[in-house]
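Some notes on the structure that comes next.
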Amino acid sequence: MTADENTPLLDDGAAPPKTAKAVKVAGAVFSPANRILLAGFIMSFTLGVTQVPIIYVFRLMECDIFYTHNPPFEGSGDRCHRREINAGTATQVSLLGMLTSISGVFNLFVCGYFIKLWGPRWAFCSQTTIVGIRVLTQVIGVTIGGRTGELMFQYFQIIGIIGGPRGYQLVLNTSVSELVAAKDRTAVFGRLQGAIMLGTAFGFILGGVLGDVYNIRRPFEVAFFLYVATTIYGALFMPTKAGNENTTKKQGARGISGFFAPLKIIVPHKYRLESGKVIKNYSLIFLALGIFLGVFASGYAPILLQMYGTSEFNFGTTENGFLMFGNSAIRGIFLLFMFPKIISAGRTWFNGAPPSTETTETEPECHIPTDPGEFEAVEGGEVPQEPVQSPDPDEEDSGTGFDLFFVRWSLVVDSLVTFSAAFSRNNWQVYLAGFLLPFASGSAPAAKGVMTEMCAPHQRPDAISAITLVESTATLMTQGLFGLIYAAFSEIDQPSLTFFCNAGFAVFGFMVLFMAHLPPPNSKKVDGDDSETETEAET
């Protein structure tokens, strides 16, 4: 081989090109971010196995309770197809959802504390272990049946305070937020949510089929063993730490202050303008309120579609399984593949084309320091007071404006689809509504991107906890309130009116989000410990 000016003088023993390429590809496929996405898929798949059977189980148990106080059923057809049973099922499922959401709210504080105490790996394992214990009690509840079975399902949701679905999602979102660059954070939040939705979709279909082919207890038994496998996966492959060492030290408060840190995020923040004037920005409050109303409007939609299909079109576990499979699968595909492209293209449209990188490409790889401030301090000498190198502007998320725009209009799409679902008169129309709703599902990851960008880096885990707390609280209220509304409308044989209520709240959330706006350009956030006194003006 003839040597030329590009031939290295020394053989450094590097791996052959093909081997190095294979290692690089393997490293990309099994990167920490992808392992987190896979953990989200597996966990949501396991949770989805029991979601469809739970509603059918409650209908059967409510049916048994009804006929213990009424004459036996005579004639042909489904003996459980009665308004009283449908209304009772809606009430009991709503109570179950309320208890689940209450547990989920407290679980966020507990799991956030576990993350700071143990790191994401063992915090994740704690969540999967506790949820596995809970599903074991559900196996016993299905076996007993009747009112006792319903009470077992409901009361044992309380152990979800220590470990539950909200907790494991918090672990995954926190890990992802510290592993990716700011400019990619919103898209990766969407991909994670998409992986969770895909897992939920396949769990729905498996749970429905297992309930029909075998018996209604089998999905809960299968889910228990899947939780064991998920715990083992988490112990082996989840990252041990989230973020760099400095960020971890800043967020490592382990007292009462650290436990309730998420509550301190959704407050007005001060920003110093270029003129030196300090203003208050209330955007995080309006963003949280808008997301609350959005989740409040749409959070009951999957349960509502199942309840409506069951009561009006006699859906069983298989039909509901296919309905929820389609809903979650389309949502997962949308968030995994379409949402990142929409965010990227939307930011380009919203902010204009990014600056040319030709100058950057021609810069030399090695930079020779010429300024005294660029030299590292000698050991034992004076430590520089300012950073030697300014942050790379490419690492900053410059597309938060479009993210906020996307959150607003997602609620409009959601309200239109929900409003249209009220006019369903055939079972295929229920399926159509379930397939269209996912295209308005990007508001949650976009809101996470906005909130994490408006907070300091060491506050990102608490910011994610805060937005998840808002979602959990909204879910709690929507399952309680709309469950009662659906039960009341079922009593008068008009359950479809519930869809109109959902659509109205989505429109209200859209209006509230218009009061949320980003801080003024070139403004600087003022820390809480800033002792300078400035004239304040409220925006």
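The values are calculated or read from the model by the stated rules, or taken from the named source; none is laboratory data. All of these numbers come straight from a predicted model, not from anything done at the bench. Please note: Cβ atoms are built from the backbone with ideal geometry, for glycine as well, and neighbour counts cover all protein chains shown. Accessible surface areas use protein heavy atoms only, side chains included; no ligands, DNA or RNA. Shrake-Rupley method; radii C 1.70, N 1.55, O 1.52, S 1.80 Å.
Details
- Criterion violated by T310 - all others in (1) in a helix (DSSP H, G or I); (2) surrounded by fewer than 21 Cβ atoms within 10 Å (Cβ to Cβ); (3) at pLDDT below 85 satisfied: (2)
- Matching residues in the stretch 125-184 - criterion: being aromatic (F, W, Y) and closer than 17 Å to L47 by Cβ: F153, F156, Y168
- The residues of the stretch 126-137 that are open to solvent by less than 10 Å² (accessible area, probe 1.4 Å) and not hydroxyl-bearing (S, T, Y), listed by number, are Q127, V131, G132, V135.
Yes or no, residue by residue, for (1) open to solvent by less than 90 Å² (accessible area, probe 1.4 Å); (2) modelled with pLDDT of 50 or more:
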site	(1), (2)
E358	no, no
H367	no, yes
A377	yes, no
G381	yes, no
A421	yes, yes
Y431	yes, yes
G434	yes, yes
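Results for (1) charged (D, E, K, R); (2) in contact (Cβ under 8 Å) with a residue 40 or more places away in the chain, shown as yes or no for each residue.
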{"site": "I130", "(1), (2)": "no, no"}
{"site": "R134", "(1), (2)": "yes, no"}
{"site": "T137", "(1), (2)": "no, no"}
{"site": "G160", "(1), (2)": "no, yes"}
{"site": "G163", "(1), (2)": "no, yes"}
{"site": "L172", "(1), (2)": "no, yes"}
{"site": "F189", "(1), (2)": "no, yes"}
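- Residues within the stretch 103-123 that are surrounded by 23 or more Cβ atoms within 10 Å (Cβ to Cβ) and either on the phi > 0 side of the Ramachandran plot or in contact with a Cys (Cβ under 9 Å, 6 or more places away or on another chain) (or both), tallied: 1
- Taking the stretch 156-201 as the range and being buried (at least 24 other Cβ atoms within 10 Å of the Cβ) and not in a helix (DSSP H, G or I) as the test, the residues that pass are G163, G164.
Table: residues versus (1) open to solvent by 50 Å² or more (accessible area, probe 1.4 Å); (2) modelled with pLDDT of 85 or more; (3) within 26 Å of A39 (Cα to Cα).
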{"residue": "L226", "(1), (2), (3)": "no, yes, yes"}
{"residue": "G234", "(1), (2), (3)": "no, yes, yes"}
{"residue": "K250", "(1), (2), (3)": "yes, no, no"}
{"residue": "F259", "(1), (2), (3)": "yes, no, yes"}
{"residue": "L263", "(1), (2), (3)": "yes, no, no"}
{"residue": "H269", "(1), (2), (3)": "no, no, no"}
{"residue": "K277", "(1), (2), (3)": "yes, yes, no"}
{"residue": "G299", "(1), (2), (3)": "no, no, yes"}
{"residue": "I303", "(1), (2), (3)": "no, no, yes"}
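- Counting residues in the stretch 83-102 that are hydrophobic (A, V, I, L, M, F, W, C), at negative phi, surrounded by fewer than 20 Cβ atoms within 10 Å (Cβ to Cβ) and free of Cβ contacts under 8 Å to residues at least 40 places away in the same chain gives zero.
- Exactly one residue out of A466, A506 is in contact with an Asp or Glu (Cβ under 6 Å, 6 or more places away or on another chain) and open to solvent by less than 50 Å² (accessible area, probe 1.4 Å), and it is A506.
- Residues that are within 30 Å of Y214 (Cβ to Cβ) and modelled with pLDDT of 90 or more occur at least once in the stretch 32-39.
- Qualifying positions in the stretch 34-74 - of a type in the set (S, T, N, Q), within 24 Å of M307 (Cβ to Cβ) and in a helix (DSSP H, G or I): S44, T46, T50, Q51, T68
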